[in-house]
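The values are calculated or read from the model by the stated rules, or taken from the named source; none is laboratory data. Since this is a predicted model, take the numbers as computed values, not measurements. So basically every Cβ, Gly included, is an ideal-geometry build from the backbone, and we count neighbours across all protein chains shown.
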Amino acid sequence: MTPQTIQQRIDVSWDFPVVFTRGLFHPANPVLVETLEHRQEDRRHRALVFIDSFVADAHPQLAAQIGAYFAAHPGRLELVGPPEIVPGGEAVKNDFALVQGFMRLMLERRMDRQSFIVIVGGGAVIDAVGLAAALVHRGLRQVRVPTTVLGQNDAGVGVKNGVNFLGGKNAIGTFAPPFAVLNDFDFLLTLPDRDWLCGVAEAFKVSIIKDADFFAWLCAHAADFPQRDADAMQHLVFRCAEMHLEHIRTNGDPFEYGRARPLDFGHWSAHKLELMSGFRISHGEAVAAGVLLDSIYARRQGWLTAAEYERIHDGLCRSGFRLWFEEFDARDPGGQRAIFGGLRDFQEHLGGELTVTYPRGVGARHEVHEIDLAKMEAAIAELQSGADFQSAKP
Ligand SMILES: NC(=O)c1ccc[n+]([C@@H]2O[C@H](COP(=O)([O-])OP(=O)(O)OC[C@H]3O[C@@H](n4cnc5c(N)ncnc54)[C@H](O)[C@@H]3O)[C@@H](O)[C@H]2O)c1
Ligand SMILES: [Zn+2]
């Protein structure tokens, strides 16, 4: 029989607000209630709230404030139960039983496709609870309230979620655009120094491959970040979120069907570093080192000038990053440098040919399909000698 084909085509568009505010759960702040009802005003909106345990610890009044906020809008909002506190940090992504627990709670509380899951926490909690919300009834409405720098300018404003599985970083996950993202800068004030700085690494990453002006601004303010300058951080978060959103909106591949991950400059080694360290090294710390390593490689390939490279190195140093980790040096049982496994993982995650993004001059980028391992060895040696030099300084 001659095959018959019906060519199906479905166009779906998403739009969601990303709001920047302060005091989100103050009863006088209209952002949350207006966000939940912006598609349908004439009903009472049910919501289940999840809070990152470290956020709950740093904001002991938060659960009560959320309760008071919902109570202040009785005809418009309904909190289906007390906020659920979930383990904060990468641990929440390393135990799938936790994701199952979130799904059970959503079903027990009879959350349907019109009701809201509000997730207050770091990128890890948003990824794990976001996955659960995306799976229950094939997708509940999720409102993300990211509470870290990385969460507010990257993880929280994107369209995907995920957890780690069988040793693979983000091995399980879905693409699920949020209903809304509500960035409350006040949350960032309680971040430990280490997490405050993590998003700065992603800012350098994206500026180096996309925006020379923003890179210059970052270099000019590098020393402000370790001093916890709030104005500088607010600008950084806004600009990075804006670039991230623009990228997803305009790059033609929001759900990453292609093999490239253009924003993942410096990430092949960063993901591997995180895994090799058992997540002792945080994502942002790993990204700073990964970006510097790939910048050394780029300079050695002629894709960055020595002066451009020096500015990157100087900016990352002055921002307070540690740029060498012993994990770069570890060997696998076959004697291979274990970090190189990150290239294989990177390729497997995307499928097809290896594709790694590198700068081509600060502010522009290109894709590379082959890494010269001998040159990368030399780049790693240079990274290490720079670290020796740094630690030898008085
Ligand atoms: N889905 C995506 O598109 C995407 C993109 C980038 C990164 N990610 C993921 O995001 C995760 C990293 O996110 P992160 O950098 O936000 O780290 P994180 O979620 O691990 O948070 C860092 C630490 O800070 C705590 N914390 C969060 N907010 C706080 C606050 N306001 N005050 C005090 N403590 C607070 C957390 O509990 C945690 O211990 C990684 O798992 C990464 O894979 C996802
Ligand atoms: Zn990243």
- What tally of residues in region 159-174 results from selecting those that are surrounded by 24 or more Cβ atoms within 10 Å (Cβ to Cβ) and either charged (D, E, K, R) or within 6 Å of ligand 1 (Cβ to nearest atom) (or both)? 1
- Quick check: is even one residue across region 179-191 of a type in the set (D, E, K, R), modelled with pLDDT under 95 and within 16 Å of ligand 1 (Cβ to nearest atom)? no
- Within region 248-298, restricting attention to residues that are at pLDDT below 85 and of a type in the set (Asp, Glu), which residue is farthest from LEU191 (Cα to Cα)? ASP253
- Quick check: is even one residue across region 304-322 on the phi > 0 side of the Ramachandran plot, away from ligand 2 (no atom under 16 Å from the Cβ), surrounded by fewer than 19 Cβ atoms within 10 Å (Cβ to Cβ) and touching a residue at least 12 places away in the same chain (Cβ under 8 Å)? yes
- What is the residue count in region 270-303 for residues that are out of contact with any Lys or Arg (no Cβ under 9 Å at 6 or more places or on another chain), closer than 29 Å to ASN170 by Cα and more than 15 Å from ligand 2 (Cβ to nearest atom)? 6
- Working carefully through the options GLY158, GLY151, find the one that is under 15 Å from the mean Cα position of the chain (by Cα) and assigned to a loop (DSSP other than H, G, I, E, B). GLY158
- Quick one: what pairs do we get from region 346-363, first residue surrounded by fewer than 17 Cβ atoms within 10 Å (Cβ to Cβ), second of a type in the set (Ser, Thr, Tyr), C-beta under 9 Å, 6+ apart or different chains? GLY361/THR305
- Inspect all residues belonging to region 265-278 and state whether any of them is touching a strand residue (DSSP E or B) at 6+ places or on another chain (Cβ under 8 Å) and more than 12 Å from ligand 1 (Cβ to nearest atom). yes
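Okay, residues lined up against (1) among the hydroxyl-bearing types (Ser, Thr, Tyr); (2) in a helix (DSSP H, G or I); (3) touching a helix residue (DSSP H, G or I) at 6+ places or on another chain (Cβ under 7 Å):
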| position | (1), (2), (3) |
| --- | --- |
| LEU236 | no, yes, yes |
| CYS240 | no, yes, yes |
| MET243 | no, yes, yes |
| ILE248 | no, yes, no |
| ASP253 | no, no, no |
| PRO262 | no, no, no |
| SER269 | yes, yes, yes |
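Just need a number here: residues in region 373-394 that are modelled with pLDDT of 55 or more, of a type in the set (S, T, N, Q) and touching a helix residue (DSSP H, G or I) at 6+ places or on another chain (Cβ under 8 Å).
Step one: list which residues in region 373-394 are modelled with pLDDT of 55 or more, which gives 373-388.
Applying the additional criterion that residues be of a type in the set (S, T, N, Q) yields 384-385.
Subset that is touching a helix residue (DSSP H, G or I) at 6+ places or on another chain (Cβ under 8 Å): 384.
Residues that pass the stated criteria total 1.
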- Message: Can you list the strands (runs of 3 or more DSSP E) lying wholly within region 1-97 that have 3 or more residues being under 23 Å from the mean Cα position of the chain (by Cα) and within 16 Å of ligand 1 (Cβ to nearest atom)?
- Response: 18-21, 45-52, 84-86
- Taking region 132-148 and keeping only residues that are among the aliphatic types (A, V, I, L, M) and over 14 Å from the mean Cα position of the chain (by Cα), one is left with ALA132, ALA133, ALA134, LEU135, VAL136, LEU140, VAL143
- Considering region 117-139, residues that are buried (at least 24 other Cβ atoms within 10 Å of the Cβ) and not in a helix (DSSP H, G or I), and then whichever is nearest to ligand 2 (Cβ to nearest atom), we arrive at GLY122
- Just one of (1) at pLDDT 95 or above; (2) buried (at least 19 other Cβ atoms within 10 Å of the Cβ) trips up GLN234, so point out which. (2)
- Item | Whichever residue in region 180-212 is among the aromatic types (Phe, Trp, Tyr) and crowded, with 22+ Cβ neighbours inside 10 Å and, among such residues, is nearest to ASP345 (Cα to Cα) | PHE204
- Task: Looking only at region 224-231, decide whether some residue is small (Gly, Ala, Ser), in contact with a strand residue (DSSP E or B) (Cβ under 9 Å, 6 or more places away or on another chain) and within 14 Å of ligand 1 (Cβ to nearest atom).
- Result: no
- Message: I'm checking my understanding of the structure. Among residues of region 238-288 that are of a type in the set (Asp, Glu) and under 16 Å from the mean Cα position of the chain (by Cα), which one is surrounded by the fewest Cβ atoms within 10 Å (Cβ to Cβ)?
- Response: GLU246
- With PHE70, PHE102, PHE54, PHE25 as the choices, which residue is aromatic (Phe, Trp, Tyr) and either within 16 Å of ligand 2 (Cβ to nearest atom) or touching a strand residue (DSSP E or B) at 6+ places or on another chain (Cβ under 6 Å) (or both)? PHE70
